[in-house]
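Written out below as structure tokens is the structure these notes cover.
The values are calculated or read from the model by the stated rules, or taken from the named source; none is laboratory data. Remember, predicted model here, so these are calculated numbers, not experimental data. Positions of Cβ are generated from backbone atoms using ideal geometry, with glycine treated the same way; all protein chains shown enter the neighbour counts. All accessible areas refer to the heavy atoms of the entire protein, side chains included, with ligands and DNA or RNA removed. Shrake-Rupley method; radii C 1.70, N 1.55, O 1.52, S 1.80 Å.
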Amino acid sequence: MVEFRIDRHSGMAAYLQIVQQVQEALRLGILTRGDQLPTAARVARDTKLNPNTTLKAYRELEHLGLVEPRPGVGTFVSASPAQTRSLADSPLRGELADWMRRARAAGLDWGDVSALVTAARAEHYPPA
């Protein structure tokens with residue numbers, strides 16, 4: 001089961017962080033079609049968010065076609081990303097983990113790493 005982490009200093013709305021984390025979990029194969037998400041009440045309790053915030057995230061996930069609510073039962077993953085292979089098994093994930101270890105050993109903090117990733121993403125994945 002996925003456990004949500006909310007970064008209150010990120011500048012991103014908490015409900016969007018939940019949406020993004022579900023999307024990432026789908027891409028990584030952590031969540032698959034049929035998996036049940038934790039209840040909105042549990043997410044609110046665990047993350048110390050207003051329950052309406054978690055409900056907003058779940059409504060957005062439903063709007064995106066990624067989950068479906070089943071009244072009285074819970075919210076379930078209804079779709080998987082279009083890609084056919086899990087990123088969890090990608091050799092690139094291991095290479096990235098190695099790079100992250102080297103960056104930390106070189107004394108880079110999270111802000112430095114984030115800036116490098118953002119710059120590389122802009123260079124290699126320009127906005128459409």
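Brief remarks on what is shown
- Selection status of Asp89, modelled with pLDDT under 95, open to solvent by 70 Å² or more (accessible area, probe 1.4 Å) and among the acidic types (Asp, Glu): yes
- Total residues in the stretch 54-79, condition open to solvent by 40 Å² or more (accessible area, probe 1.4 Å) and assigned to a helix (DSSP H, G or I): 6
- For beta carbons closer than 7 Å, sequence separation of 6+ or different chains, a first residue in the stretch 15-38 that is under 15 Å from Glu62 (Cβ atoms) and outside any loop (DSSP other than H, G, I, E, B) and a second that is modelled with pLDDT of 95 or more and charged (D, E, K, R), the qualifying pairs are Tyr15/Lys56; Tyr15/Glu60; Val19/Glu60.
- Residue satisfying all of: in the stretch 19-39; small (Gly, Ala, Ser) and within 16 Å of the chain's Cα centre (by Cα); nearest to Asp7 (Cα to Cα) among these: Ala25
- You will find that of Leu31, Leu49, the residue that is closer than 27 Å to Ser114 by Cα, surrounded by 11 or more Cβ atoms within 10 Å (Cβ to Cβ) and touching a strand residue (DSSP E or B) at 6+ places or on another chain (Cβ under 6 Å) is Leu31 and no other.
- Summed over the stretch 101-111, residues that are in a helix (DSSP H, G or I) and either open to solvent by 70 Å² or more (accessible area, probe 1.4 Å) or in contact with a helix residue (DSSP H, G or I) (Cβ under 7 Å, 6 or more places away or on another chain) (or both) total 6.
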